[in-house]
Amino acid sequence: MLKKIKLYTVLVLLAAVLTLVFQNTQEVETKFLFMTMTMPRAALLAITMLIGIFIGILIALSGKKLPKD
């Protein structure tokens with residue numbers, strides 16, 4: 001039961017993120033440190049989401065302790 005709830009939650013969040021990304025296709029200028037890049041807003045949102053997922057995974061993995069042999 002809990003696995004189905006998690007699956008549905010992930011699917012709803014994924015649908016929301018994809019809707020947000022595909023509705024934002026305008027070009028934006030992004031400044032990072034000394035660089036200025038022009039990219040579609042959808043790409044910027046996707047990159048930001050992937051960075052967030054990566055950080056979340058790192059935090060989740062840092063809480064697990066490895067078993068000692």
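Return yes when L61 is in a helix (DSSP H, G or I) and either in contact with a helix residue (DSSP H, G or I) (Cβ under 6 Å, 6 or more places away or on another chain) or loosely packed, with under 10 Cβ neighbours inside 10 Å (or both) and no when it is not. Criteria met by L61. The C-beta contact set for region 1-28 (first residue over 18 Å from I53 (Cβ atoms), second residue modelled with pLDDT of 90 or more and among the polar types (S, T, N, Q), distance under 8 angstrom, 6+ apart or interchain) comprises E27/T38; V28/T38. Scanning region 1-22 finds no residues that are open to solvent by 90 Å² or more (accessible area, probe 1.4 Å), assigned to a strand (DSSP E or B) and at pLDDT 85 or above.
Once region 23-36 is narrowed to residues that are among the aliphatic types (A, V, I, L, M) and more than 20 Å from the chain's Cα centre (by Cα), the residue that is least open to solvent (accessible area, probe 1.4 Å) is M35.
Entry remark, region 41-56: residues being open to solvent by less than 90 Å² (accessible area, probe 1.4 Å) and either touching an Asp or Glu at 6+ places or on another chain (Cβ under 6 Å) or hydrophobic (A, V, I, L, M, F, W, C) (or both) number 9 in total.
The values are calculated or read from the model by the stated rules, or taken from the named source; none is laboratory data. Keep in mind it's a predicted model, so treat the numbers as computed, not measured. All Cβ positions, even for glycine, are placed from backbone atoms using ideal geometry, and neighbour counts span all protein chains on display. In case anyone asks, the SASA skips ligands and DNA or RNA and just uses the protein heavy atoms, side chains included. Shrake-Rupley method; radii C 1.70, N 1.55, O 1.52, S 1.80 Å.
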